[in-house]
Amino acid sequence: MEEKEFKMEDMVNFCKTYGYIFQGSDIYGGLANTWDYGPLGSRLKNNLKDAWRKRFIQERPNAYELDADILMHPRVWEASGHVDSFADPLTDCRHCKTRYRADNLVNDFTNSSMGDKMTNEELLDYIKTNNIPCPKCGKCDFTDIRQFKLMFETYRGVTKDNKSVVYLRPENAQGEYVNFLNVQRSMRAKIPFSIGQIGKAFRNEITPGNFIFRTIEFEQMEYQTFCKKGDDLKFYEYFKDYGKKFFMDLGLPEEKLRFHDHEKLAFYAAAACDIEYKFPFGWGEINGTHDRTDYDLTRHEEYSGVPQKYLDPETNEKYIPYIVESTYGVGRTVLALLCEAYHKETLENGEEREVLKLSPYLAPIKVAVLPLIKKNHSEKAMEIYNMLSKYFMTSYDESGTIGKRYRRADACGTPYCITIDDDTLNNNTVTIRNRDTMEQETLKVDEVIKFVEDRIKF
Ligand code: GAP
């Protein structure tokens with residue numbers, strides 16, 4: 001079996017054809033960096049979120065889920081530092097008018113992350129001294145650097161003034177921080193404990209996005225562990241490894257995952273690391289793990305005036321906990337899973353097939369029910385479909401040749417196809433075909449549920 005390489009455009013087209021992901025506002029020409037998840041994409045996303053819930057909330061001790069509102073008191077974003085400093089350094093090419101992040105220009109030119117550490121003046125100076133060309137037109141004639149705010153602002157109520165401003169949250173984390181004591185008290189939680197949340201975040205990203213890698217609206221699976229000072233680095237190391245293992249369990253191979261330890265840390269952070277996946281366009285961050293010390297809760301205590309200290313019931317010690325955060329991008333993980341699972345194969349008979357080798361747990365549809373001959377077998381097939389769909393997402397397909405129906409199920413990532421034929425009518429047996437090996441075996445109809453259930457566990 002021969003394998004073919006693919007490009008990101010192939011992936012975009014594939015996702016559109018099979019109902020995974022569509023361009024946002026497509027019929028209006030699209031809105032840059034927005035994408036809509038179709039019937040299969042939204043199932044995949046939900047299965048990923050359920051996997052995260054299982055590993056991070058269900059299977060970990062003292063872990064609690066939260067569902068905080070997107071809109072929060074504007075002081076939250078002053079306390080967090082976002083109002084003052086959540087911005088990108090932008091510059092425009094005067095010649096072709098293309099807009100760039102100045103730090104990216106330097107990083108790409110030097111193939112390093114040195115741009116991350118520079119001030120705006122240093123960035124501009126470096127660009128000019130080294131004559132860094134515009135990647136589009138080749139000229140080196142850039143405007144001064146401006147700080148471009150990434151938070152979306154809107155207004156509540158009827159007046160549009162400073163008092164009514166609210167922000168679309170640029171991260172989930174602050175919802176977990178401001179509810180730290182609510183969760184701790186209501187759950188009678190003892191430190192160390194964790195609060196996790198899956199939710200939308202918004203950033204006014206203007207740089208090109210590589211499909212769903214960088215979008216202006218995206219989902220995060222955030223996990224904050226509240227611990228005692230001194231235990232923070234232990235949790236930090238633990239969650240780096242736990243995160244990598246989580247990605248591997250989802251089906252991303254170890255050789256395409258790497259840690260990227262940050263050299264430049266925020267002034268309050270004790271350690272920071274990304275987990276990167278090797279996308280077809282290069283390495284990209286899919287998770288960020290940070291030791292945030294006691295910075296966030298100290299700031300919220302200061303800005304809200306409400307003490308954020310934890311009282312240790314055993315030692316009577318009162319302290320502001322340290323926070324170790326580990327954040328997963330939902331869209332970026334979906335993209336990594338799709339890139340990893342997608343294969344274009346030439347079969348021995350010369351036919352081509354596109355196949356999505358997603359882990360059966362993640363696959364949007366678990367079983368496809370296919371009557372061999374519509375007029376003879378569809379009634380029985382529908383009966384089996386009705387039985388299976390009570391247990392898992394099942395599809396029913398009676399149109400076209402059986403080969404074409406297998407191809408479609410392969411492309412949708414459906415791990416099992418069940419063919420209903422005369423043997424089903426006579427002996428109550430079905431043929432079950434494995435998506436990856438294309439091998440078939442015969443099962444009794446009443447064995448199918450267990451067969452599939454045993455293979456879709458996470
Ligand atoms: N609370 C910490 C935080 O938000 P971050 O590194 O800015 O940290 C965490 O973001 C994760 O969110 C990233 O690893 C990435 O997976 C995802 N993410 C961030 N910006 C994104 C964007 N514009 N589009 C899609 N995913 C994004």
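Using the Cβ-Cβ distance between Arg60 and Asn316 with R0 set to 25 Å, the FRET efficiency works out to roughly 0.35. Principal semi-axes of the equivalent ellipsoid, √(5λ) from the alpha carbon gyration tensor of region 2-114, are 31, 28, 18 Å from largest down.
What length, rounded to one decimal in nm, is gained on full extension from Lys16 through to Glu352, with 0.36 nm per residue of separation minus their alpha-carbon distance? The partial results should precede the final answer.
Numbers: separation 336, 0.36 × 336 = 120.96 nm, distance 1.91 nm.
In short, 119.1 nm is gained.
For Cα pairs less than 8 Å apart in space and 6+ apart in sequence, what is the mean separation divided by the residue count of the chain, i.e. the relative contact order in percent?
Values: 822 pairs, mean separation 64.0, N = 458.
The value is 14 percent.
For Lys234, the solvent-accessible surface computed with a 1.4 Å probe is close to 130 Å², ligands and nucleic acids excluded.
Placing a pseudo-label 7 Å from each Cα along the Cα-to-Cβ vector at Ile402 and Asn386 gives an inter-label distance of 2.5 nm.
Among the cysteines of the chain, those with no neighbouring cysteine Cβ under 4.7 Å are Cys15, Cys140, Cys227, Cys273, Cys339, Cys412, Cys417.
Taking 4 °C and 1.567 mPa s as conditions, region 387-458 diffuses translationally at an estimated 101 µm²/s according to Stokes-Einstein applied to its Kirkwood radius (Cα pairs). Beyond 27 Å, the tail of the calculated P(r) for region 321-458 holds 26 percent of the Cα pairs.
With a ≥ b ≥ c taken as the square roots of the eigenvalues of the C-alpha gyration tensor of region 87-149, please select rounded if a/c is under 1.5 and otherwise prolate if a/b is larger than b/c or oblate if it is not? In terms of gyration-tensor shape, oblate. For Ile420, the amide hydrogen comes within under 5 Å of the amide hydrogens of Leu370, Leu372, counting only partners 5 or more places away or on other chains and with H modelled in the peptide plane.
Surface exposure of the chain, expressed per residue as accessible area with a 1.4 Å probe, stands at 49 Å². Residues of region 190-226 falling in the label zone of Asp67, defined by backbone nitrogen less than 16 Å from a point 7 Å along Cα to beta-carbon, are 196-201, 220-222.
For region 222-377, just say rounded, prolate or oblate: build the C-alpha gyration tensor, square-root its eigenvalues into a ≥ b ≥ c, call rounded for a/c under 1.5, and beyond that prolate if a/b exceeds b/c, oblate if not.
Working: a/c = 3.64, a/b = 2.35, b/c = 1.55.
The shape class here is prolate.
Note on Glu5 and Asn182: the model spin-label points, each 7 Å out from Cα along the C-beta direction, lie 5.1 nm apart. With coordinates expressed along the principal axes, the C-alpha atoms belonging to the chain extend over 76, 66, 49 Å, beginning with the largest.
For Thr298 and Arg258, a Förster radius of 30 Å and the Cβ-Cβ distance give a FRET efficiency of 0.35, rounded to the nearest 0.05.
Over the residues of the chain, the helix contribution to mean residue ellipticity at 222 nm works out to -9500 deg cm²/dmol, using -39500 (n - 2.57) for each DSSP H run of at least 4. Give me the percent of accessible area attributable to carbon and sulfur for the chain, probe 1.4 angstrom. The C+S portion of the solvent-accessible surface of the chain is 48 percent.
The values are calculated or read from the model by the stated rules, or taken from the named source; none is laboratory data. This is a predicted model, so every value here is computed, not measured. For neighbour counting, all protein chains shown are included, and Cβ atoms are generated from backbone atoms with ideal geometry for every residue, glycine included. Just the protein is used for accessible areas: all its heavy atoms, side chains included, with ligands, DNA and RNA removed. Shrake-Rupley method; radii C 1.70, N 1.55, O 1.52, S 1.80 Å.
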